[in-house]
Amino acid sequence: MDKRSASVADAVADIPDGATVMIGGFGGSGAPIELIHALILAGPKGLTVVNNNAGNGHVGLAALIEQGQVDKLICSFPRSADPKAFTDLYQAGGIELELVPQGTLAERIRAGGAGIPAFYTPTSYGTDLAKGKPTAEFDGRTYVQERWLKADYALIKGELGDPMGNLTYRMAARNFNPVMAMAATRTIAQVSRFVETGGIEPEVVITPGIFVSTVVEVPNPQQEEVLIRQKAVFP
Amino acid sequence: MSINLENIQLNNAQIAWRAAQDIEDGAYVNLGIGFPEMVAQFQPEGREAIFHTENGVLGFGKAAEAGEEDWDLINAGKKAVTIKPGTAFFHHADSFAMVRGGHLDVAILGAFQVAQNGDLANWSTGRGGVPAVGGAMDLVHGARRVAVITDHVTKKGAPKLVDACTMPLTGVGCVTRVYTSLCVVDVVEGRFVLREKLAAISMDDLQSVTGAVLHVGDTVKDLTTPSL
């Protein structure tokens, strides 16, 4: 088995117009910048993107939005130091936003990957974000029903990857990446380093290869925070 | 409501200091983004709190020095932090399992308004703009104690402790204690119960800048803090 791809361009080449794409990361930490940039160059339109945020500056997710490729964003916190790309489009009515509490977003994605179509959570009960959602009482407390979230593709970032698709992550860059890997029909992982099969100790595998379709090596990946400070613009 | 609070009220550091005094040794604590992060600076000597951040770090250390940042090691406020012996990393679903699953001892959050029944409004003023909620609605459920630190009134002088919130709610009946720039109040059975107040403000004046009835507990202590 060999899930390795030769380039980020090859890895994202078949993502079509209208696809739902989960993109890992929390802010810039764990964001697969090179895969997002490859997706910009590949050019599919009408995407629904799932990410915790809405990008920052003019690189990564913000650049994807700026290029007009995203019709809908599902996220918890679409504000940032420089949120102009999303904010301008949102205020002009050019992009739809589904706002989801962060823990609900993570659990909806986990549920999607785990085959659980809906679950109940205390989060958002009695608030505007629970409007229209079924509720139920368990042991004297009321909970809100939330549905699973699945995607056609997930673009994620790992640290080590082997040909089987087994992955590790670097520090807090893990965040949404492992749950998104589970919830997409096809998961494309960029990793900082390829290792041979057996090169990751079984005990330290975080995402088992069954959740991963494609692995592509991106040595020394770019960090959004560094690019922002350099005032980088993509493309 | 003509009292001048400027000269008597606690500053943010003093409010944070007071909140830190109630964090017991060994507590698992989540501090909200912004002002609540300041509480970490005032951990009492000899006590160790273990800090949780939503993006998947438990037991992190101090903020990273300028120039030493590792952007794979940030907190929920997107600020670079550091690791120390005992730090653990985990993914987002596990992180919020810690939150919702009742594994945190304390969450300390900011507020626009707190109602006497413990309702909290802290995510949206309801006046338009881009809505953003982050982890606020999750954090108010699950922690054993949900405390708020806040100025007692808004910059325009409006009470932040109110009968009922007029701004969009973050959570229903979730706040257990409020540390303000003038007093410490518990939420008990749908009422604000005053525990401590600054000696410099009279009961009547405190009530006049509060938007709900302050019930007086068995004893009301003086709220004292160091100069910070």
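Structural remarks
- Checklist (1) buried (at least 20 other Cβ atoms within 10 Å of the Cβ); (2) in contact (Cβ under 8 Å) with a residue 60 or more places away in the chain applied to B:Val185, failing item: (2)
- All conditions but one from (1) among the hydrophobic types (A, V, I, L, M, F, W, C); (2) surrounded by fewer than 24 Cβ atoms within 10 Å (Cβ to Cβ); (3) within 13 Å of chain A (Cβ to nearest Cβ) apply to B:Val193; the one that does not is (3).
Condition check ((1) of a type in the set (Ser, Thr, Tyr); (2) within 30 Å of B:Asp119 (Cβ to Cβ); (3) surrounded by fewer than 22 Cβ atoms within 10 Å (Cβ to Cβ)) across all residues:
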residue	(1), (2), (3)
A:Cys75	no, yes, no
A:Lys84	no, no, yes
A:Arg110	no, yes, no
A:Ala114	no, no, yes
A:Gly132	no, yes, yes
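- Taking the conditions (1) within 11 Å of another protein chain (Cβ to nearest Cβ); (2) in a strand (DSSP E or B); (3) closer than 30 Å to B:Pro168 by Cα in turn, A:Glu159 satisfies each one other than (3).
- When region B:49-73 is filtered for residues that are part of a loop (DSSP other than H, G, I, E, B) and more than 8 Å from chain A (Cβ to nearest Cβ), the ones remaining, listed by number, are B:Ala49, B:Gly59, B:Phe60, B:Gly61, B:Lys62, B:Ala64, B:Glu65, B:Ala66, B:Gly67, B:Glu68.
- Flag for B:Pro85 being free of Cβ contacts under 8 Å to residues at least 24 places away in the same chain, more than 14 Å from every other protein chain (Cβ to nearest Cβ), more than 28 Å from B:Pro168 (Cα to Cα) and in a loop (DSSP other than H, G, I, E, B): yes
- Residue count, region A:48-93 (criterion: within 24 Å of B:Met137 (Cα to Cα), out of contact with any Cys (no Cβ under 8 Å at 6 or more places or on another chain) and among the small types (Gly, Ala, Ser)): 4
- Taking the numbered list (1) within 12 Å of chain B (Cβ to nearest Cβ); (2) in a strand (DSSP E or B) in turn, A:Val21 passes all entries but (1).
- The number of residues in region B:91-109 that are assigned to a loop (DSSP other than H, G, I, E, B), more than 11 Å from every other protein chain (Cβ to nearest Cβ) and either without any contact (Cβ under 8 Å) to a residue 12 or more places away in the chain or over 16 Å from A:Gln102 (Cβ atoms) (or both) comes to 2.
Yes/no matrix, rows are residues, columns are (1) among the aliphatic types (A, V, I, L, M); (2) within 19 Å of B:Ile23 (Cβ to Cβ); (3) at pLDDT below 95:
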residue: B:Ala132; (1), (2), (3): yes, no, yes
residue: B:Ala136; (1), (2), (3): yes, no, yes
residue: B:Arg144; (1), (2), (3): no, yes, yes
residue: B:Ala164; (1), (2), (3): yes, no, no
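- Residue match in region A:65-75 (condition: closer than 28 Å to A:Ile210 by Cα and either more than 14 Å from chain B (Cβ to nearest Cβ) or among the hydroxyl-bearing types (Ser, Thr, Tyr) (or both)): no
- Under the condition of being over 21 Å from the mean Cα position of the chain (by Cα), within 10 Å of chain B (Cβ to nearest Cβ) and not in a helix (DSSP H, G or I), the residues counted in region A:87-143 number 10.
- The one condition in (1) within 14 Å of another protein chain (Cβ to nearest Cβ); (2) buried (at least 18 other Cβ atoms within 10 Å of the Cβ); (3) without any contact (Cβ under 8 Å) to a residue 40 or more places away in the chain; (4) not charged (D, E, K, R) that B:Ala76 fails to fulfil: (3)
The values are calculated or read from the model by the stated rules, or taken from the named source; none is laboratory data. Since the model is a prediction, treat every value here as computed from it, not as a measurement. Glycine also receives a Cβ, built like all others from the backbone with ideal geometry; neighbour counts cover every protein chain displayed.
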